[in-house]
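See below for the structure under consideration.
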Amino acid sequence: MIFIQSQSKDAAFHFAAEEYCMANLCDTKDVFLIWQTGRCAMLGSNQIAQDGLDLEMAKKEHVQIVRRSSGGGTIYTDPGTILCTCITKFDPSVDAKEAGRNHLSVPIVAALKTMGVNAQIKGRNDVLIADQKISGLAQRISKQLLCSHCSLLYDANLSILGNILTVD
């Protein structure tokens, strides 16, 4: 496995790094990236910015807005969020969501449990503690590669998160 830990806090840089890794590094080895961002709202590939985000508040709070190539809803990240990406070969006979959970959500929950945190996987792609979502998983498939990435709220600014995200 190739492990990459970047010092950049620019979300667009990390999504470009995922693309680079998928195009150039995944022929023989899996790639694992761990990263953080500045204040950032990440839109899923098919989202309309105005539907998931208060654009004026994001501007006021100096929140970078980027679109990721994977699906899912808009999320907020900042230096108090840990993000990770796993890129691996994809077998089309395997369920992609299950493969993503096995590569990211399952190990995250196991690590949290070793620290005494009672985390659990719930729904398609969420990790919860006491029924509060702390992590979500998004993914995409390209050229027989599965790119799964997740965020893990550790010490994120929940006030800004609550002010800029407009969810149902």
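3J(HN,Hα) along the stretch 52-58: x, 8, 8, 5, 5, 5, 4 Hz, from the Karplus curve 6.51 cos²θ - 1.76 cosθ + 1.60 with θ = phi - 60°, whole Hz, x for Gly and Pro. A Cβ-based charge dipole, computed about the Cα centre of the stretch 1-88 with Lys and Arg at +1 and Asp and Glu at -1, lands at about 120 debye. Between residue 155 and residue 102, full extension at 0.36 nm per residue minus the direct alpha carbon distance yields a gain of 16.6 nm. For the residue pairs 9/97; 29/89; 97/122; 29/143; 113/133, alpha carbon separations beyond 19 Å are given by 9/97.
GNM remark for the chain: springs join alpha carbons under 10 Å apart, and the peak mean-square fluctuation among 93, 151, 105 falls on 93. Taking the 1.4 Å solvent-accessible surface of the chain as the whole, the part contributed by carbon and sulfur is 53%. Semi-axes of the equivalent ellipsoid of the stretch 73-165 are 24, 16, 11 Å, computed as sqrt(5λ) over the eigenvalues of the C-alpha gyration tensor in descending order. Cβ under 12 Å from residue 18's Cβ, residue 18 left aside: what net charge do those residues give with Lys, Arg +1 and Asp, Glu -1? Its environment carries a net charge of +1.
Please list, ordered by chain and number, the residues whose modelled amide H lies under 5 Å from the amide H of residue 37; skip anything fewer than 5 residues away on the same chain. HN-HN under 5 Å from residue 37: 78, 81. The stretch 29-63 and the stretch 110-151 have Cα centres separated by 17 Å. Per residue, the chain exposes an accessible area of 54 Å² to a 1.4 Å probe, with every protein chain left in place. Sorting the segments 40-52, 115-127 by their residues' average number of neighbouring beta-carbon atoms within 10 angstrom, most packed first, yields 40-52, 115-127. 3J(HN,Hα) along the stretch 63-71: 9, 5, 10, 10, 10, 9, 7, 8, x Hz, from the Karplus curve 6.51 cos²θ - 1.76 cosθ + 1.60 with θ = phi - 60°, whole Hz, x for Gly and Pro. Each other residue within a Cβ distance under 12 Å of residue 135 adds +1 if Lys or Arg and -1 if Asp or Glu, for a net charge of +2. Distance between the pseudo-spin-label points of residue 95 and residue 114 (7 Å out from Cα toward the beta carbon): 2.7 nm.
The values are calculated or read from the model by the stated rules, or taken from the named source; none is laboratory data. In this text, all values refer to a predicted model and were calculated from it rather than measured experimentally. Glycine also receives a Cβ, built like all others from the backbone with ideal geometry; neighbour counts cover every protein chain displayed. Accessible surface is based on the protein model in full, side chains and every heavy atom, while ligands, DNA and RNA are left aside. Shrake-Rupley method; radii C 1.70, N 1.55, O 1.52, S 1.80 Å.
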